[in-house]
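Beneath this line is the structure, given in structure tokens, with notes to follow.
The values are calculated or read from the model by the stated rules, or taken from the named source; none is laboratory data. For clarity, every value in this text was computed on a predicted model and none was experimentally measured. Cβ atoms come from the backbone with ideal geometry, glycine included; neighbour counts cover every protein chain shown.
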Amino acid sequence: MYSVRRSQRVSPRRRSAIHKLATTAAIFGCLVALACQTATVEQQAGGAGESAAQVSQTAAPPPGTPKLVLLVVIDQFGSAEFERIEPFFTDGFRRLIDNGVVFPRGAHQHAASETAPGHATISTGQYPRDHGVVSNWYVVPGYPELIWAGDDDEHGKSPHRLMVPTFGDWIKERYPTAKVFTASAKARAAIMLGGQKANAAFWWEEEIGLLESSSYYDVPDWFDRFNNQRLTASFYGKVWEPLPMSAAALAEVKVEPLDLGPLSTGFPHFFGGLRPAPVESFYDDLWESPWLDMHLTQLAHAILAEEQLGTDNVPDLLALSFSVSDIIGHRFGPHSREYVDILLRQDRLLGEILEHIDSQVGLDQTLVVLTSDHGVVPAPEILQRWGEPGTRVDWETIHCVQRAGQDLAERHGVEQWLISGSYLAPELSEQTGLSEIELEQLTARRLEECSAVEKVWTDSELTDPEARARPSDEDDERWLFANSYYPGRSAEFQIRYRKYLMKSRGSLTTHGTPYLYDRQVPIIFMAPGQAAMRSDERIATIDIAPTVAALLGLTVPPDVDGRDVTSLFGPATAVQADPSPVK
Ligand SMILES: [Zn+2]
């Protein structure tokens, strides 16, 4: 029997590198008097277990408190995609749209619109500048290697670099016997949703073709039994054909055919190559198949049933992040038939999960929240069809940006100007006779000479208290970058590229900018006793955690960035409306 419990799964070489970087990061972080909070947070969190004394002190929840919170994150599901595809949802998403409080145009209020910071922001109600998860990768000044969000030398993976508690942690703080489980194909998504006190987080590990957790968590015994069924084997030989859609529907949902060249095939998609039985490549290919979301759903059913979530008097949390929409969005673009099909399938999978919850807990006892970690920019070739200035980054821009440090070093007669991680070289001020501010400005202006670079923000500009104060304009660029900036983890120079620039060469399209197409996401709350409504109010993803807390009757820690937005909800219904039948 294969056991993944308490596995580390980090190669000795990688482990050594991580240790070196983590140590350096810790030293550097302490120097800037911020990263040392890690130890404090972990000590306060006290690990996954709770003492009997704490349990006995727990007061019963007030009457009407939801017994279960289901948080669903759809990876790469911007407001534009939500509004385009929404009319074709018939199942789980439809149920939420018809019965929930719907904010189609919520927004992340940080510039680095990526997966790890998006999930950490949703779960904590804090900006990346406060929760510390600035990007999928952390830079370490002077080291070329990046640290993957969630990597941990001791446990393989854990939330130890998440600097603040999540709302799952708030629930466990108030109700120590509450259960908090998270799952996603992506480790960083599952880990960031759970926080420090989660019972367990689960994710996909293609190298072993199984789901995995880490020794950080108290992984339950049933997880190995679930894994050892090897349910993904039944997906081998399965062909991905799109769900039927009429030509009119495809036009309405703005599916745009795009020739991706001879190496890219269309439907039907196969996974695992020309072999009679699966090998590792099949489990890797599952990332680009609908089957990985299906497997996540199989796990969600197992968590609900095995842990009997929502069946006692304290609220539990199940947080799920569906990843295939992001992988398919990157590869085929958000206007592909493939992307739309994945969303329609996620709609069905969520319907299945809601059915399970309805029979086990009752949807009238369950708070359901749906949102996304970020949006995406349409493929440049599609944008050009629409007359928009979509472009792919050219070699001149790459060359210009790469040469910036060397040019400045030569111009000022020093050996080195920038070190790895995009930091000013040590002792540069002494060598040049220029102040830190002058050095920063010279570097920023040199980078801004590159054609696709429109604006460069520096460490001094982003750590200025004024930059962090909430502006009257919620699209204020410096504020968005400051909200994403954490000294010692972020590059010292933060670059805003031209709108609609596809800055990555490795995929059809991507995200990660402060532009609204990357930041704007739907936010839906379906709460017991709450009448359905729809609002154009642009609430923020930092508002999700405090709003969930309010709906559970929890006290929100005072330093949380977000606000409880239940005052924007319509009147409560006297009796929970019968959830609409699945269409
Ligand atoms: Zn993502």
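Can you tell me how many residues in the range 516-538 are within 16 Å of the ligand (Cβ to nearest atom) and either aromatic (Phe, Trp, Tyr) or outside any strand (DSSP E or B) (or both)?
3
How do the pairs read when you match residues in the range 77-96 that are not assigned by TED's automatic domain parsing to the domain that holds Ile327 with residues anywhere that are among the acidic types (Asp, Glu), using Cβ under 6 Å and keeping only pairs 6 or more apart or on different chains?
Phe89/Asp347; Asp91/Asp347; Gly92/Asp347; Phe93/Asp347
Considering Thr443, Thr510, Thr458, which residue is among the β-branched types (Val, Ile, Thr), surrounded by 17 or more Cβ atoms within 10 Å (Cβ to Cβ), closer than 25 Å to Ala379 by Cα and not assigned by TED's automatic domain parsing to the domain that holds Arg331?
Answer to the check: Thr510.
When you go through (1) surrounded by 14 or more Cβ atoms within 10 Å (Cβ to Cβ); (2) at pLDDT below 95; (3) closer than 29 Å to Glu207 by Cβ one by one for Glu288, which number turns out not to apply?
So Glu288 meets the others, but not (2).
Looking at the structure I just gave you, is Arg174 buried (at least 24 other Cβ atoms within 10 Å of the Cβ) and assigned by TED's automatic domain parsing to the domain that holds Leu296?
No; evaluated as a whole, the condition is false for this residue.
Looking at (1) touching a strand residue (DSSP E or B) at 6+ places or on another chain (Cβ under 7 Å); (2) not assigned by TED's automatic domain parsing to the domain that holds Glu477, can you tell me which one Val376 breaks?
Here Val376 clears every test but (1).
Which ones in the range 113-143 are in a helix (DSSP H, G or I) and more than 10 Å from the chain's Cα centre (by Cα)?
Thr124, Pro128, Arg129, Asp130, His131 - these are the residues of the range 113-143 that are in a helix (DSSP H, G or I) and more than 10 Å from the chain's Cα centre (by Cα).
Identify the residue in the range 65-79 that is of a type in the set (Val, Ile, Thr) and either more than 14 Å from the ligand (Cβ to nearest atom) or within 12 Å of Ser123 (Cα to Cα) (or both) and, among all such residues, is surrounded by the fewest Cβ atoms within 10 Å (Cβ to Cβ).
Taking the candidates together, the pick is Thr65.
Take the range 305-343 and flag every residue that is over 15 Å from the mean Cα position of the chain (by Cα), within 13 Å of the ligand (Cβ to nearest atom) and assigned to a loop (DSSP other than H, G, I, E, B).
Pro334
In the range 144-191, which residue that is of a type in the set (S, T, N, Q) and under 16 Å from the mean Cα position of the chain (by Cα) is nearest to the ligand (Cβ to nearest atom)?
The qualifying residue nearest to the ligand (Cβ to nearest atom) is Ser184.
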